[in-house]
Amino acid sequence: VTEGSSSQIQLEALRGVDYLWSCIKDQQALSNFLPGTTSALTKCLTPSTKAPRSRRVLVKALEVLQMVLTSTLSDLRTRNIKDERVSGDTDERARILTKSWLNTTGSQIKLALANVTKLRTHGHQDVRKALHKMCIVILDECHSSLVDSTALLVETAMIVASSNLEEEDTPLQMSLKDLAN
């Protein structure tokens with residue numbers, strides 16, 4: 001994803017991550033892969049003049065990041081996370097994710113999103129629309145688990161939506177209003 005020699009290779013790598021992540025149903029396994037996956041996607045999405053990414057790669061990476069975050073950290077998936085580990089359980093595979101893990105992960109995701117949201121000023125509208133969609137979906141599905149990122153996501157969604165004021169139909173603005181309601 002980050003070191004592919006062409007945008008086509010990067011797109012195929014992103015599709016591979018997408019398919020792999022969709023196949024894994026074990027929440028513990030997903031949580032173990034989350035830091036590395038998020039880091040690689042953030043590196044791919046962080047605007048750089050050294051290694052500029054094609055807009056197709058950026059759009060796909062935003063879609064994959066959205067799916068990774070919502071499939072692992074959605075409020076539906078994290079609602080049963082306990083404050084402490086089950087006492088007496090020494091089997092590492094049976095380990096239960098804790099509130100502490102969720103808080104730490106939320107802080108790390110906020111830092112990653114701070115870099116990704118720099119794309120709100122990207123020159124291509126399809127990249128900005130994909131960023132807007134990612135922000136709205138994360139706000140909708142992860143409003144409790146990623147509460148630290150709420151202000152950043154709302155601000156980004158508003159900036160992207162306001163950049164489309166000249167369009168006759170403004171679905172980006174409507175999705176913000178729907179989320180607010």
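Given the peptides 150-158, 65-73, arrange them by the average over their residues of other C-beta atoms within 10 Å, most packed first.
65-73, 150-158
Can you work out the FRET efficiency for the pair ALA29 and ASP148, with r the C-beta to C-beta distance and R0 = 25 Å, to the nearest 0.05?
Using R0 = 25 Å, I get an efficiency of 0.55.
Between TYR19 and HIS122, with labels modelled 7 Å along Cα→Cβ, what's the label distance in nm to one decimal, could you check?
Placing both labels 7 Å along Cα→Cβ, they lie 2.3 nm apart.
None of the figures in this text is laboratory data; all of them are computed from the coordinates on show. Fair warning: this is a prediction, and the values are worked out from it, not measured in the lab. FYI the Cβ positions are ideal-geometry reconstructions off the backbone, even for glycines, and counts take in every protein chain you see.
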